[in-house]
Amino acid sequence: MTQMTFARAINSGLRKSLENDPKVILMGEDIGTLGGVFRVTDGLQKDFGTHRVVDTPLAESAIMGTAVGLAYRGYRPVVEIQFDGFIYPAFDQIVSQVAKLHYRTQGAVKMPITIRVPFGGGIGSPEHHSESPEAYFTHTSGLRVVSVSNPQDAHTVIQQAILSDDPVLYFEPKRRYHDKGEVDEGIDPRTALPMDSARVVTEGTDVTLVAYGPLVKTAKDAATAAADEGISIEVIDLRSLAPVDYATVEASVRKTGRLVVTHEAGQSGGLGAEVAASITERCFYHLETAPVRITGFDIPYPYSKLEMHHLPGLDRILDGVDRALGRPNSLSGLEG
């Protein structure tokens, strides 16, 4: 086991993929000489060369179009979108080509493309640099969408994404890049927990709290704080956003009878709504109360001085737990 940061764990996973398969190619803006704006790809171009770690022009649509061509030729391109809000110029390529070519060709063409997206807020950056666009892609059939929350998953799941013959959007919570954790670099991604499986990270009996990406750590902190008041929260790290591992969530809700879902993205049309509706369909007679969503507000991403009021934090999540339990709270009039 090695102690490493979240960003370093991704770097290590990318390195292993480059070592294990000469068809893996990294592409993105400033990922080579600079090592990426977050230094996630630091040192990889020096070790693998400019033909394997490619600095691209500032043109996301062209980067994705090139990745499609490389996938046609049998390569496994790994594309970095520098910031979440920069993905929109590539949106047409992703939803019109990447997501559909395998189906369109009746399986003759595979699109083993991994799209790395640093996402979410909490780093003091404005709009275009702190977005949470995952729901656009979970709504698009033909794409796998994952979001990791800890260094071990960051290391393992990036390798699983690259090994997949399906296109995978790999959402990295940028405010967790410097978080440290134990990483077993020897875990075989082929035998590890599949990337489309959720994980129960804290067991509990009173409320099921579902989170992913940057808010898993906050959800775990909420479970610790609630335990001081005698409330037992079961925290589930969703990990895969498309497809969703509903079996794990359903089993938990059948036990606790209550569901709280949290994410940084806005509430309307967010993944939390889909999880809440699907679990209501599956667990209607087991639910003691309606599911609760704790999310970012339905506004453009605010200036940095206001972002911590926008992002779900410990107090808002605990307030949601109180609402699910029918306990009095001080934030009951606050949407999301």
- Query: With respect to Thr50, is the statement that it is open to solvent by 20 Å² or more (accessible area, probe 1.4 Å), touching a Gly at 6+ places or on another chain (Cβ under 8 Å) and assigned by TED's automatic domain parsing to the domain that holds Ala154 true?
  - Reply: yes
- Message: Out of the residues in region 18-47 meeting the condition of being without any contact (Cβ under 8 Å) to a residue 60 or more places away in the chain, acidic (Asp, Glu) and farther than 19 Å from Glu172 by Cβ, tell me which one is least open to solvent (accessible area, probe 1.4 Å).
- Response: Asp47
- Search result, residues across region 249-267 that are of a type in the set (D, E, K, R) and over 15 Å from Gly204 (Cβ atoms): Glu250, Glu264
- In this structure, is Gln97 in the same structural domain as Leu143 (by TED's automatic domain parsing), closer than 23 Å to Asp166 by Cα and open to solvent by 50 Å² or more (accessible area, probe 1.4 Å)? yes
- In this structure, is His155 open to solvent by 10 Å² or more (accessible area, probe 1.4 Å) and within 23 Å of Leu14 (Cβ to Cβ)? no
- Within region 57-75, residues among the charged types (D, E, K, R) and either closer than 17 Å to Ile10 by Cα or open to solvent by less than 40 Å² (accessible area, probe 1.4 Å) (or both) come out as Glu60
- Item | Residue pairs meeting the criteria (Cβ under 6 Å; at least 6 apart or on separate chains; first crowded, with 23+ Cβ neighbours inside 10 Å, in region 1-12; second at pLDDT 95 or above and in a strand (DSSP E or B)) | Ala9/Val183
- Task: For region 1-41, name all the residues that are among the hydrophobic types (A, V, I, L, M, F, W, C) and assigned to a helix (DSSP H, G or I).
- Result: Phe6, Ala7, Ala9, Ile10, Leu14, Leu18
- Query: Can you list the helices (runs of 4 or more DSSP H) found entirely within region 247-336 that contain at least 1 residues being in contact with a Leu (Cβ under 8 Å, 6 or more places away or on another chain) and surrounded by 15 or more Cβ atoms within 10 Å (Cβ to Cβ)?
  - Reply: 271-283, 314-325
- Restricting attention to region 135-150, does a residue exist that is open to solvent by 10 Å² or more (accessible area, probe 1.4 Å), in contact (Cβ under 8 Å) with a residue 12 or more places away in the chain, of a type in the set (Val, Ile, Thr) and under 19 Å from Val244 (Cα atoms)? yes
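The values are calculated or read from the model by the stated rules, or taken from the named source; none is laboratory data. Since the model is a prediction, treat every value here as computed from it, not as a measurement. Here Cβ is always computed from backbone atoms with ideal geometry, including for glycine, and neighbour counts include all displayed protein chains. To get the accessible areas, we keep the full protein, side chains included, count just its heavy atoms, and leave off ligands, DNA and RNA. Shrake-Rupley method; radii C 1.70, N 1.55, O 1.52, S 1.80 Å.
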